[in-house]
Amino acid sequence: MSGSLVLVGGGEHARVVAEAARSAGLELAGFVDPQPCRTTVERLGLVRLGDDSALLSLPDVWGILGVGAVGAQAVRRMIVERVRPHVVGWKAVVHRMAWVSPTATIAEGAVIMAGAIINAGAQIGRHCIVNTGSVVEHDVVLGDFSQLAPGVTVGGGVRIGPDVFIGLGAGLRDHIVVGAGAFVGMGATVAADVPEGARIRGALTHIANSEAIG
């Protein structure tokens with residue numbers, strides 16, 4: 001790949017994406033973000049190039065989407081559409097500590113984090129996030145712009161539509177269908193089809209103060 005590789009976004013999630021890219025041997029020219037993102041600059045030594053307009057001054061730019069958004073995939077779509085005229089294309093990132101089956105497919109712009117497992121025949125769509133330690137079993141289809149938070153387990157043959165968010169530690173039974181735009185909460189166990197746009201509550205326990213412990 002010739003040209004400049006630029007991270008779009010400079011916040012918390014972007015730092016994880018940047019480290020995944022570096023682990024895979026990718027050299028980043030820097031990142032674009034309307035905010036100064038000083039922590040990213042200082043911690044990673046990554047150059048802030050400016051806002052989106054900085055892309056116009058670089059030749060043959062390839063983008064990596066470094067924006068994560070809990071349950072708000074429309075934001076990520078909007079950013080991709082806004083930047084699209086200024087990039088040649090979008091680079092997929094697979095952390096060197098992830099395992100991806102040779103029969104799986106990873107579409108442009110997808111990011112596979114450390115410890116993730118993508119098994120035989122799985123299809124990961126455009127700009128998906130398979131976060132740290134998540135397991136995508138055989139023949140799963142993950143729709144464009146969907147996100148699996150850290151520690152998610154998706155059983156074999158599951159079909160997940162576009163713009164879906166699956167929360168921390170959730171588990172999905174094999175061969176179910178999760179409709180477009182659905183939200184599955186942290187720690188949920190999903191054993192049946194999820195309708196389009198549905199919100200599934202997670203197994204969240206809130207402890208108000210230390211007296212509630214033991």
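Structure notes:
- Amide H within-cut-off set for Thr105, under 5 Å, with H built and near neighbours excluded: Ala122, Gln123, Ile124
- Looking at the stretch 1-68, the GluC sites (Glu not before Pro) that sit in a DSSP loop and have at most 14 other Cβ atoms within 10 Å of their own Cβ are Glu27.
- Taking 0.36 nm per residue of sequence separation and removing the Cα-Cα distance, the Arg96/Arg82 pair yields an extension gain of 2.1 nm.
- Rg/Rg_globular for the stretch 84-162, with Rg_globular taken as 2.2 N^0.38 Å and Rg from C-alpha atoms: 1.01
- Here the contact order of the chain, divided by its residue count and restricted to Cα pairs under 8 Å and six or more residues apart, works out to 11 percent.
- Largest first, the three principal axis extents of the alpha carbons in the chain are 51, 48, 30 Å in whole numbers.
- Across the alpha-carbon atoms of the stretch 113-205, the computed radius of gyration and Dmax are 11.3, 36 angstrom.
- Of Ala21, Ala198, Ala149, the one that fluctuates the most in a GNM where the chain has Cα springs shorter than 10 Å: Ala198
- Calculated mean residue ellipticity at 222 nm for the chain: -4000 deg cm²/dmol, from DSSP H runs with n ≥ 4 weighted as -39500 (n - 2.57), summed, divided by the residue count and rounded to 500.
- Among beta bridges that DSSP assigns inside the chain, antiparallel share in %, nearest 5: 0
- Average Cα contact separation per residue, the stretch 92-214, under 8 Å, 6 or more apart, as relative contact order %: 14
- The separation of the stretch 67-131 from the stretch 18-39, counted between C-alpha centres, amounts to 16 Å.
- Cα convex hull of the stretch 4-91 - mean projected area over all directions, nm²: 5.3
Coordinate-derived values only; no laboratory data. Source: prediction; values computed, not measured. Neighbour counts run over all protein chains shown; Cβ positions are idealised from the backbone, glycine included.
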